[in-house]
Amino acid sequence: MNAIVSNLAQPVGQPKTAERDLLLRVDNVSLSFGGVKAITNISFDIQKGEIRAIIGPNGAGKTSMLNVINGFYHPQEGTITWRGEVRRKMKPYEAASQGIARTFQNVALFKGMTTLDNIMSGRSLKMHRNFLWQMAWFGPARQEEIEHRRKVEDIIDFLEIQAIRKTPVGKLPYGLQKRVELGRALAMEPELLLLDEPMAGMNLEEKEDMSRFIVDVNQEFGTTIALIEHDMGVVMDLSDRVVVLDYGKKIADGPPEEVQASQAVIDAYLGVSH
Amino acid sequence: MFYREAGQFKTSYEADQALFPIRQDRIGLAVILLIAFVGIPLTANDFVLTSIMIPFLVFSLSAIGLNILTGFAGQLSLGTGAFMGVGAYAAYKLTSLFPDVNVIVMVLCSGFFSAAIGAVFGLPSLRIKGLYLAVTTLAAQFFLEWCFIRIPWLYNYNASGAIEIPSRDMFGILVTGPEATPLTRYFIVLAITSVIALLMANVLRGRIGRSWMMIRDMDIAAELMGIRPLQTKLLAFAVSSFICGVAGAMMVFFWLSAAEPSSYSIKLSFQILFMVILGGLGSLSGAFMGAAFIWILPVVLKFVPGMLGFDIEAATVEHLTFMIVGALIIFFLIVEPHGFARLWQIGKQKLRVWPFPY
């Protein structure tokens, strides 16, 4: 595990003095699909090392926000500043190579592959041996494979999924699939980990396990986490700061206690008579 | 009882990542290779070699090629026949332009031509998926077939419109053309097929193979893990077409000795596709099993009535063969839609716990 920690502990980029701890800042981002405005003029930031929750009722634009951050959607207006650099339009794989990893709301694992291969796939960006070496297998390609296998085994140990190493993920129960998906994202050794409803459809015990993993990832590896979740108990316990969206607009931003007390948030969740 | 890995502990990742981690599998493979390289050459007659084994190996190789594209990278293609044709015509042109160069080098080089053309016709795959992509590869099939007919330069302005393979020798042994002995041709085809199969097995278990499967299983997530969809898909098209091209070249150089454009028609594409589907998408051994089923079974069936002493007309036997093979295809697809490779896997799984399944 030490290897992963030390890799992540390296300083990244040269942040501008005013934004020393800022990892990501979203400024006045708007995104619309035809006439539908998914996100309207939203600004918030994510600081290095924090757990940032994004919450809001269904259809509030949370997942769209994550899609903007990792390059699936290109916002019509606004800018995204990543590690102090204003980001141009980028493709998802560029975001991936810059250290943004992501899990999905409905599990998006590679169903035909084993748990091991799924997590190994997270290391694709870090493996470089070309086609000819791969054909030969013996020699550098195998060495590289084994080197990365060691790291993957660390993650398997960390997530306690040793027993399902060689099982095709399509056969696994839902809770374990979510865990494998987290493992796959961790294998990328990301700086920013985007979790889209990591606890959806889990029972209490699985939620507790998953919460523990999220806190451990944040504290042991120092990974910054942006999290979408509907379970308010989990959100309030885990997150350092919470941003609340409703109908594509930001209605609150701050520490959990502050957000909980906000009248706009209460109105958005409970509904209000006009 | 006999097929069990109990007691075979793996103590290193090297051992765990071996192609055949279980000892019994390694013995099985050794036996198969022994039969292929020693047993068959010693016992088989010319008919078995030219009508069964050589075409079986050629089709197996092209099924591996298509399997890489369709089974591993998830891109459906109906252009296999045309890509095989490109290999055949390229090898033919190369060997007539440079008659002194070793013909096997030419056969392997022809793969690069089909790889380039395959990559070009793979370009739509970035935008189009599934059946629609199959239709665009159909364009490759028709366009290339048209080229084989209409561009006389490709067949050296031969009056018959067909390519006829000249006799070429290697270390003093005749290897191509009608005069070459079936045994020589069999050994060459067997060697090329097994080497390419081994190299592909290596690619498929490494990073590149994984990236193809990532694209197949969930392309959005793959993109997010840093896979570039265009490069990955085009590489799959190129590698697949390379193998199909080599298979196509072998088909005419070491089996048919002469080929017309119609040898590489859509019928061939479908034949290879059925081999891949029946054998099992995403399995190298499945490609061999599928090829054996589609090619060897009908040939063998034709001789069954004669051996059993029935006196049936040849045409009737032909019809019966068609019916039996058709029924068997339906039967196997109902029993196991994932093909022989999966059946084989299930069988092995059962064998591991036999005779105490609980």
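Values quoted throughout were computed directly from the atomic coordinates according to the rules given, and no laboratory measurement underlies them. If you're wondering where the values come from, they're calculated on a predicted model, not measured in any experiment. All Cβ positions, even for glycine, are placed from backbone atoms using ideal geometry, and neighbour counts span all protein chains on display.
Have a look at A:S211, A:S124, A:S43 and tell me which one the Gaussian network model of chain A (Cα, springs below 10 Å) gives the largest fluctuation.
Residue with maximal mean-square fluctuation among A:S211, A:S124, A:S43: A:S124.
Measuring from centroid to centroid over Cα atoms, what is the spacing of region B:237-252 and region B:126-164 in Å?
Value for the Cα centre distance between the two parts: 14 Å.
Counting other Cβ atoms within 10 Å, which chymotrypsin sites (Phe, Trp or Tyr not before Pro) in region B:246-312 have at most 12 and lie in a DSSP loop?
When the chymotrypsin sites (Phe, Trp or Tyr not before Pro) of region B:246-312 are filtered for loop state and at most 12 Cβ neighbours within 10 Å, B:F310 remain.
Quick one, could you list the DSSP H helices from chain B stretching 24 Å or more along their long axis (Cα atoms) with average Kyte-Doolittle hydropathy of 1.0 or above?
B:103-122, B:130-150, B:182-205, B:229-250, B:314-335
Any chance you could run the full-extension gain for B:K267 through B:L297? It's 0.36 nm times the residue separation minus the Cα-Cα distance, nm to one decimal.
The B:K267-B:L297 span can extend by a further 9.0 nm.
Hey, for a label at B:E260 modelled as a point 7 Å past Cα toward Cβ, could you say which residues of region B:133-158 have their backbone N under 17 Å away?
B:145-152, B:155-158
Starting from the Cα of A:K171, step 7 Å along the direction of its Cβ; do the same at A:D216; then give the gap between the two resulting points in nm.
For A:K171 paired with A:D216, the spin-label model returns 2.5 nm.
Beyond a 22 Å Cα-Cα separation, which of these cross-linked pairs lie in this structure: A:K178/A:K249; A:K62/A:K126; A:K111/B:K233; A:K91/A:K250; A:K37/A:K89?
Listed pairs above 22 Å: A:K178/A:K249; A:K62/A:K126; A:K91/A:K250.
Of the DSSP beta bridges with both residues in region A:2-270, give the percent that are antiparallel, rounding to the nearest 5.
Roughly 55 percent of the DSSP beta bridges within region A:2-270 come out antiparallel.
How shielded is B:188-200 by partner chains, expressed as the average number of their Cβ atoms within 10 Å of its Cβ atoms?
That average works out to 1.
If you build a Gaussian network model of chain B, linking Cα atoms that sit under 10 Å apart, which residue out of B:S194, B:S240, B:S269 swings the most?
B:S194
Using only the Cα atoms of the protein assembly as shown, what semi-axes does the equivalent ellipsoid have when each is the square root of 5 times a gyration tensor eigenvalue? Give whole Å, largest first.
They are 54, 27, 23 Å, listed largest first.
D for chain B, whole µm²/s, Stokes-Einstein with Kirkwood Rh over alpha-carbon pairs at 37 °C and 0.692 mPa s: what number?
In µm²/s, the coefficient rounds to 152.
Which is the longest part of chain B that has none of the trypsin sites (Lys or Arg not before Pro) sitting in a DSSP loop with at most 15 other Cβ atoms within 10 Å?
My reading of the result: B:130-358 is the longest stretch.
How far, in nm, would the chain grow between B:A327 and B:A139 when pulled straight, counting 0.36 nm per residue and subtracting the alpha carbon separation?
Full-extension gain reported as 64.6 nm.
Report, in debye and to the nearest 20, how large the dipole of region A:2-270 comes out about its Cα centre when Lys and Arg carry +1 and Asp and Glu carry -1 on their Cβ.
With only Lys, Arg, Asp and Glu charged at Cβ, the dipole is about 1180 debye.
Kindly provide the helix-only [θ] at 222 nm of chain A, computed as the sum of -39,500 (n - 2.57) over DSSP H runs of four or more divided by all residues, to the nearest 500 deg cm²/dmol?
-11500 deg cm²/dmol
What does DSSP give for the protein assembly as shown in terms of the percent of beta bridges that are antiparallel, rounded to the nearest 5?
60 percent
How well do other chains shield peptide A:109-122, expressed as the mean number of their Cβ atoms within 10 Å of each residue Cβ?
Averaged over the peptide's residues, the number is 5.
Given only helices, namely DSSP H runs of n ≥ 4 each adding -39500 (n - 2.57), what is the per-residue ellipticity at 222 nm of chain B, to the nearest 500 deg cm²/dmol?
Computed mean residue ellipticity for chain B: -20500 deg cm²/dmol.
Would you work out if region B:1-134 is rounded, prolate or oblate? Take a ≥ b ≥ c from the square roots of the eigenvalues of the alpha-carbon gyration tensor; rounded if a/c is under 1.5, else prolate when a/b is larger than b/c, oblate otherwise.
The shape class here is oblate.
Taking every Cα atom in region A:154-213, find the radius of gyration and the maximum pairwise distance Dmax, and write them in Å.
Rg then Dmax for region A:154-213, in Å: 11.3, 30.
Assuming R0 = 25 Å, can you tell me the calculated FRET efficiency for the pair A:S97 and B:V120, based on Cβ-Cβ distance, to the nearest 0.05?
0.35
Per the Kirkwood formula on distinct C-alpha pairs, the Rh of region A:2-270 is how many angstrom?
So the Kirkwood estimate lands at 19.5 Å.
Among B:I324, B:I312, B:I208, whose mean-square fluctuation peaks in a Gaussian network model of chain B (Cα, cutoff 10 Å)?
B:I312
Suppose each label sits 7 Å from its Cα in the direction of the beta carbon; what would the B:E313-B:D169 distance come out to in nanometres?
Rounded to a tenth, the inter-label distance reads 4.8 nm.
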